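Right, one structure below, let's go through it.
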Amino acid sequence: MIPQGILHRSLLLFAFLLLPALASARELPDFRKIVAEQSPAVVKILVESRSGAHPGFDTEEIPEYLRRFFEFRGEPPGPRERMSLGSGFVLSEDGYIVTNNHVVEGADSVVVRLIDRREYDAEVIGTDPRSDLALLRIEAEDLPVLRLDEDDDLAVGEWVLAIGSPFGLDYSVTAGIVSAMGRSLPTERNENYVPFIQTDVAINPGNSGGPLFNLDGEVVGVNSQIYTRSGGSIGLSFAIPVSVVRNVVEQLKAEGRVTRGWLGVTIQDVDRNLAESFNLDRPMGALVAQVAPGSPAEAAGIEPGDVIIRFDGETIDTSADLPHVVGLLRPGAEVDAVVVRNGRRQTLEVEVGGLDADDDPRAASTGGDGDSARIGITAETAAPETLERWGISGGVVVRSVIPDSPADEAGILAGDVLTLVGSTPVKDLDSLREALESQKPGSSVPLRLIRRGAPLFIGLRLPE
């Protein structure tokens, strides 16, 4: 039998240990107010495509046991008709609605359904495939609207909430936290203009285009993509941040299309070897591999081999950060770019150009044996047809790479065209030898090369 004094002290200790858990439970967010106040401005998007090629969520793909939850307008779709579903939200009382581009892309008709089940035919005001956003308009007045977050201060670990129609299940609410900020998810065209918000909120097909809220009930993002192996949520969801949404919506309202900032460079990340060769304290910045002729970058004096570490006051930690910053700038904006060139920092003034929806943002492609035993390659001066093919004025073609040589360790491949050693242009075999001889033994030197038409920098450590 436990003595009463010991039992009393044990109960006090248990209560003391339980108090923090109870306090934490009371601090968990209550989403009921947000759901009640904001749900009326969330809409369901019904898209019909007669082509059968619409990329959105197809109701025919859902499990049989869920199909009864879906509602179709009029007669069931014919053999060549497909009904796709998505989400969206009302941005203004006079009927402007935001959703994803991939929800309405290729649509023959778009219908917006409100929470009270009223339906409106929607006009597509404009779309922006690069950001995956679309702006719709319905003929209605005094609609409930959502507020866009003005502070852009969303942080990792912050609670967020999504409302949408996953698998057509109207006004489903899911919650989670922000897992990461500024995620880069290049498109099929290898474009990267959206610094995605990553969350663990359960997002599924049909949630696309719906709002992501903070605890103040403000829209901080538009749910756009998920990473999945099953077709459903596994806790990796991505939303377009409100800074991008605001910029795109303003332009679609005014012009029906989007023009974003353009610099005209091909860039790559800086690894450890390159950082050392450029005298950087650590891998950082966007390394310029190519500058497009006639581009804003060329006019500003940016050169291949420059490492852009700040642009318009924003730190560029990786190459993916640069398109995020440049893309949000208005064409004609004059900003400062801080670059590292030959180990020294300098500031250049850049007048940002404009990139229309159909423009290609990339720079135009530029593309007897000699023995360069010092670095471990055999090479020859590039033939005129090679120079013409890649749009370059000179270079040396690598014919073979000696295993375990400095060139092999650096990742040089047969077929690469060497065009720059450090800051010295390589025109032919003689200039390659001279450039290599001018480098200090044991040092790390950046090499610029053309690989399958794409410019690339690599760091090469010279032998002692």
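The values are calculated or read from the model by the stated rules, or taken from the named source; none is laboratory data. Just so it is clear, the model here is predicted, and its values are computed rather than measured. No Cβ is skipped: glycine too gets one built from the backbone with ideal geometry, and neighbour counts run over all protein chains shown. Just the protein is used for accessible areas: all its heavy atoms, side chains included, with ligands, DNA and RNA removed. Shrake-Rupley method; radii C 1.70, N 1.55, O 1.52, S 1.80 Å.
For the reader, a short list of remarks on this structure follows.
- Normalised Debye scattering of the stretch 135-217 at q = 0.18 Å⁻¹ gives log10 I(q)/I(0) of -0.96, counting only Cα atoms as equal scatterers and leaving out solvent.
- Only protein atoms count toward the accessible area here, which uses a 1.4 Å probe; on the stretch 194-236, the carbon and sulfur part of that area reaches 46 percent.
- With all protein chains kept in place, the per residue accessible area of the stretch 205-246 amounts to 31 square angstrom at a probe of 1.4 angstrom.
- 3J(HN,Hα) couplings calculated from phi for the stretch 303-309 with the Karplus curve 6.51 cos²θ - 1.76 cosθ + 1.60 (θ = phi - 60°) are, in sequence order, 10, x, x, 5, 10, 7, 10 Hz; Gly and Pro show x.
- Gain upon complete extension [E123, R183; 0.36 nm per residue less C-alpha separation]: 18.5 nm
- What the Cβ-Cβ distance of Y227 and S400 gives, at R0 = 35 Å and to the nearest 0.05, is a FRET efficiency of 0.30.
- Along the stretch 28-35 the Karplus relation, 6.51 cos²θ - 1.76 cosθ + 1.60 evaluated at θ = phi - 60°, assigns HN-Hα couplings of 4, x, 10, 8, 4, 5, 4, 4 Hz to successive residues, with x for each Gly and Pro.
- A Förster radius of 35 Å combined with the Cβ-Cβ distance from E158 to R451 puts the calculated FRET efficiency at roughly 0.25.
- Nonpolar atom fraction for the stretch 114-160, defined as the carbon and sulfur part of the 1.4 Å probe accessible area, stands at 44 percent.
- Mean separation of Cα pairs under 8 Å and 6 or more residues apart, divided by the residue count, gives the stretch 240-340 a relative contact order of 28 percent.
- Between the amide H of I177 and those of V160, D200, V201, distances stay under 5 Å, these residues lying 5 or more places away or on another chain, with hydrogens modeled in the peptide plane.
- Of the peptides 191-198, 453-460, the order by per-residue mean of other Cβ atoms within 10 Å, starting with the highest, comes out as 191-198, 453-460.
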